[in-house]
Amino acid sequence: LIIGIAGQVVSYLSEFLLDKGYEVYGMSVRSSNFNTQRVDHIYINPRNNAHNARMKLRCSILTDSSLCLRRWIDAISPDEVYNLADQYEVAVSLETPEYPDIVATVAFRLLEAVRSHVSVTGRSHIRYFQSGSSEVFGPQSDKSGYLRMNEKSRFHPWSLYGVSKCAAHWYTVYYREALGLFACNGILFNPASPRQDWNFVTRKITRAVGWIKMGLQSKLFLGNLLASRDWGFAGDYVEAMWMMLQQGKPDDYVVGMGESHTVDEIMMTVFEYVGLEWRDYVVYDNEIPLRPAGVDQLRGDATKAKEVLGWKAKVGFEKLVEMMVDEDIELAKREKVLVDTGYIDVCNSRVLGTSYLL
Ligand code: GDR
């Protein structure tokens, strides 16, 4: 059972588990619009091909009581529960301060639902994964400037999103240590991929470059160019999540690449890759929040995941950037056809105003 079906990580996780022969239930937040685009390519409507439908979708209100979530868990009887329900955007937590609390609330209610399901049914083999974030660490530095965060590093979040992720982390630890649940935290550094949302800076840059290449956009507005993050391929991270749940005992693991890159380094790498001069297009936009309490640098140390789980990332930074740019140029080519034939309006803010999406 995977909670939160809309995100990039979930789509890779679903594919990964289906490839391993799992039957996958995806639970999404109920909405009047469909929010399953990222799993549409692997979802088979049971009415069309019941025999092959190993991916099933359910809708729920995730803030509903643990009792309601328990009903779902009783009905599905999962062996593994992956909680990837997320508020996602650190910046948004500045504007809607109470909203990020949902991350902790959902984790708590799910853990409680799983625990009560286990105690009533005796299905004690159920394993729970909590998706954590490097935002729990906040700004920390040492004199060398090469500090990498591991499982023992101090939590000192500098965003409400990070605070809520900390609470979700400790709920998971509590249910493991005090109540005996097989529950693991995966503290993920920035996952990126061609399926990432456009409002994260990596995809915002690659998407904009695709549009610029096709003549659909003229400028790229960016905020803090010196912010530095540890970006890795979301498709690699899902393997680490799965590995955590296959161990003899539950534990917490940092998942990251161990190297950080600044926003301007990514931006320049992308422009260089497509043979464009970035100075002609990139504009510093002070409307894009600098995140007053934002973190300038984050870098992860995944030694434990490598040594205990045997996890190893397959896609490095350069390759990740190239994959994203290649896909976004292809996408922009198709969109150009739609623009030229009048099916998409080039003045659509989706195309010209990427900075609004932050
Ligand atoms: P982050 O990702 O907040 O780290 O959360 P994001 O890509 O939004 O920001 C990374 C850094 O880039 C700076 N920045 C900009 N950010 C955006 N979005 N748009 C811009 O134009 C821009 N210019 C500079 C930001 O200030 C920031 O320092 C991601 C998400 O995947 C979370 O869900 C996850 O928990 C963390 O990574 C780990």
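Throughout, read-outs are computed from the coordinates displayed, never taken from laboratory work. If you're wondering where the values come from, they're calculated on a predicted model, not measured in any experiment. Please note: Cβ atoms are built from the backbone with ideal geometry, for glycine as well, and neighbour counts cover all protein chains shown.
With the Cα gyration tensor of segment 112-224 giving a ≥ b ≥ c as the square roots of its eigenvalues, does the rule (a/c under 1.5 for rounded; else a/b larger than b/c for prolate; else oblate) give rounded, prolate or oblate? Each step should come with its number before you reach the end.
Values: a/c = 3.46, a/b = 1.76, b/c = 1.96.
It is oblate, given that a/c is not under 1.5 and a/b is not larger than b/c.
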| said: With θ taken as phi - 60° and the coefficients 6.51, -1.76 and 1.60, list the Karplus ³J(HN,Hα) couplings across segment 120-129 in order, rounded to whole Hz; mark glycine and proline as x. | reply: 7, 9, x, 7, 6, 7, 4, 10, 10, 10
| Along the charge dipole of segment 74-178, which of Q130, F155, T96 sits closest to the positive end, that is, farthest toward it, with unit charges on the beta carbon of Lys, Arg, Asp and Glu (+1, +1, -1, -1)? | F155
| said: Given R₀ = 22 Å, what would the calculated FRET efficiency be for C68 paired with D197, taking r from the Cβ atoms and rounding to 0.05? | reply: 0.20
| remark: Interchain or sequence-distant (5+) residues whose placed amide H lies within less than 5 Å of the amide H of M149 are R299, G300, D301
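Specify whether the C-alpha gyration tensor of segment 95-144 places it in the rounded, prolate or oblate class, a ≥ b ≥ c being the square roots of the eigenvalues: rounded for a/c under 1.5, otherwise prolate if a/b is larger than b/c and oblate if not. Show your work: numbers first, answer last.
Numbers: a/c = 5.39, a/b = 1.87, b/c = 2.89.
Taking the square roots of the gyration eigenvalues as a ≥ b ≥ c, segment 95-144 is oblate.
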| What residue among V308, L298, L331 has its Cα farthest toward the positive end of the dipole of segment 265-342, where the charges are +1 on Lys, Arg and -1 on Asp, Glu, each on the Cβ? | V308
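Per-residue counts of other Cβ atoms within 10 Å, averaged by peptide: what ranking do you get for 165-177, 307-319, highest first? Don't skip to the answer; put the middle values down first.
Numbers: 165-177: 20.2, 307-319: 14.5.
Peptide ranking by packing, descending: 165-177, 307-319.
When a/c is below 1.5 the answer is rounded, else prolate if a/b is larger than b/c, else oblate, so apply that to segment 193-250 with a ≥ b ≥ c taken from the square roots of the Cα gyration tensor eigenvalues. Let's see the in-between values first.
Values: a/c = 5.12, a/b = 2.44, b/c = 2.10.
Note, shape of segment 193-250 comes out prolate.
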| Going by how many other Cβ atoms sit within 10 Å of their own, how do S134, S66 line up, fewest first? | S66, S134
| request: Quick one: which residues, 5+ away or cross-chain, put their amide H under 5 Å from the amide H of Y25? H built at 1.01 Å from N. | output: I2, K56
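Which FRET efficiency, nearest 0.05, do K312 and S124 yield, Cβ-Cβ r, R0 45 Å?
On the way: r = 31 Å, r/R0 = 0.69.
Rounded to the nearest 0.05, the efficiency is 0.90.
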| Stretch H156-Y284 to full length: gain in nm at 0.36 nm per residue minus the Cα-Cα span? | 43.2 nm
| message | Given the options W231, Y253, W242, identify the residue whose Cα lies farthest towards the positive end of the charge dipole of segment 211-273 (+1 on Cβ of Lys, Arg; -1 on Cβ of Asp, Glu). | response | W231
| request: Give, rounded to the nearest 20 debye, the magnitude of the charge dipole that segment 76-221 has about its Cα centre when Lys and Arg contribute +1 at Cβ and Asp and Glu contribute -1 at Cβ. | output: 520
| field | segment 164-288 - Kirkwood radius from inverse mean 1/r over Cα pairs (Å) | value | 16.8
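Is there a pair in K219/K333; K56/K204; K152/K304; K204/K319 whose C-alpha atoms are over 22 Å apart, and which pairs would that be?
Numbers: K219/K333 18 Å; K56/K204 31 Å; K152/K304 11 Å; K204/K319 17 Å.
In this structure, K56/K204 exceed 22 Å between Cα atoms.
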